[in-house]
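The values are calculated or read from the model by the stated rules, or taken from the named source; none is laboratory data. Nothing here was measured: the structure is a model prediction, and the numbers come from that model. Glycine gets a Cβ as well: all are built from the backbone with ideal geometry, and neighbour counts include every protein chain shown.
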Amino acid sequence: MPRYFDCKKLNKKLHLLFQVPISKYAVTLLSIIAIHRLFTSCNVYNYPSVPREQLTDAIYTATVPQLAEKRTKPDCPYDHILQSKEKLQTWEVPKSSKDIGNFSAWGIKDGSYTPEHCQPLFSVAILVTYRNRQRHLDIFLPYMHNFLRKQNIHYKIFLVEQLDNKPWNKGMLYNIGAQRALAERFPCLLLHDVDLLPLAASNLYVCMDQPRHLSASIDKFRFVLIYDYLVGGVLAMRADHYVRVNGFSNNFYNWGGEDDEMADRILSNNLKILRFPREMSEYSMMTHTHEPVNRARETIIKENKIQGHKDGLSSVRYESLQVKAQRLCTWIGVKL
Ligand code: BGN
């Protein structure tokens, strides 16, 4: 006997299906989404990075010419820093300048420090963009000097402050800081948010052969890299690469987008974004309210791409600029 399709049976099955309460479907759907999320976040949590044992070969060794010329001391060691397991927990980070304790500015002049007993193999200009965040700055400067003086590197902190009341323009401030650092012949630029504090002693503040994103694992984002082309927060670039990509765009006012546009510049110049392993890239973000969101940011990213990133380091314009050497930083005040 041929078997015919039984409509009655199907009707009964469909009927049963519709009798299942809607909440059961919702629970199943939510569980599927949660499991999917878990797997995808696992991926960004364990983002691709250069393994600890290969870092020595991937870092960019270069100093300012003045240092390279007078080589009288033995080379500074760095292996013990890269291998260090020492790390602060988020709750151990200072919450106000009072928590810093007795800070001593030994060895620091104009925001710069050079190790005394050995020959540093790296010179790094640390550019910090700033406006109206005194509470952060009072923690950031002593914290960073304490952190960096242990790294055997030659570094100098440039604080670039926007002095006018126009909307905030971080990209342009970085370009202005970069012009100064390039004039002082720093081979490596490290672009640093003032509210981020590194937690791992092994997070050596140097450039790599390719652009390097340092703040891949921030407590505010549950230590997860939120997307793979993120370069916001702390980024290190060889000075020649910064010039090659024409720096940051000057077209972004207020909050957001300028870092994603920088990622675009990096990738379209056939450069890569490299990272240290996650346990070396942890940061704590000091709480703050951010600038108003730039609603045009997506459009500007697209337009800049079409125009071949012509706007940037080569087209910075500002009204006035002053430079003052202070003990803990070289201060650059700009009116845009
Ligand atoms: C992203 C912002 C970045 C910011 C990170 C982290 C944009 C562009 C949208 C087209 N990007 O969403 O600028 O650094 O968040 O906060 O808004």
Residue tally, condition outside any loop (DSSP other than H, G, I, E, B), closer than 30 Å to K324 by Cα and touching a strand residue (DSSP E or B) at 6+ places or on another chain (Cβ under 9 Å), over the stretch 68-114: 4
Selected residue (only one of L173, L204, L225 is of a type outside the set (K, R), in the same structural domain as K95 (by TED's automatic domain parsing) and either within 19 Å of Y45 (Cβ to Cβ) or modelled with pLDDT under 95 (or both)): L225
Residues (aliphatic (A, V, I, L, M) and more than 27 Å from S49 (Cβ to Cβ)) located in the stretch 280-299: V293, A296
Members of the stretch 34-67 that are more than 18 Å from S281 (Cβ to Cβ), at pLDDT 75 or above and loosely packed, with under 10 Cβ neighbours inside 10 Å: D57
Residue selected from the stretch 289-325 under the condition small (G, A, S), in a loop (DSSP other than H, G, I, E, B) and modelled with pLDDT of 95 or more, by the criterion farthest from S249 (Cα to Cα): A296
Members of the stretch 127-170 found to be of a type in the set (K, R) and either farther than 25 Å from S249 by Cα or under 20 Å from the mean Cα position of the chain (by Cα) (or both), listed by number: R131, R133, R135, R149, K150, K156, K170
Selected residue (criterion: nearest to T289 (Cα to Cα)) from residues of the stretch 199-222 that are surrounded by fewer than 24 Cβ atoms within 10 Å (Cβ to Cβ) and among the charged types (D, E, K, R): K220
Test set (1) among the β-branched types (V, I, T); (2) surrounded by 15 or more Cβ atoms within 10 Å (Cβ to Cβ); (3) in contact with a helix residue (DSSP H, G or I) (Cβ under 8 Å, 6 or more places away or on another chain) - I100 fails condition number: (2)
Among the residues listed as N251, N269, N246, the single one being within 16 Å of V293 (Cα to Cα), modelled with pLDDT of 95 or more and more than 10 Å from the ligand (Cβ to nearest atom): N251
Among the residues listed as P51, P65, P74, the single one being in contact (Cβ under 8 Å) with a residue 40 or more places away in the chain and under 21 Å from the mean Cα position of the chain (by Cα): P51
Lone unmet requirement of (1) in a strand (DSSP E or B); (2) surrounded by 20 or more Cβ atoms within 10 Å (Cβ to Cβ) for D259: (1)
Tally of residues being part of a loop (DSSP other than H, G, I, E, B) and either hydroxyl-bearing (S, T, Y) or within 16 Å of the ligand (Cβ to nearest atom) (or both) across the stretch 196-236: 18
Subset of the stretch 289-311 (residues that are away from the ligand (no atom under 12 Å from the Cβ) and under 30 Å from Q134 (Cβ atoms)): T289, P292
Candidates F147, F186 - the one that is surrounded by fewer than 19 Cβ atoms within 10 Å (Cβ to Cβ), in the same structural domain as Y60 (by TED's automatic domain parsing) and under 24 Å from S281 (Cα atoms): F147
Qualifying residue in the stretch 165-174 (condition: more than 16 Å from the ligand (Cβ to nearest atom), touching a residue at least 40 places away in the same chain (Cβ under 8 Å) and not aromatic (F, W, Y)): yes
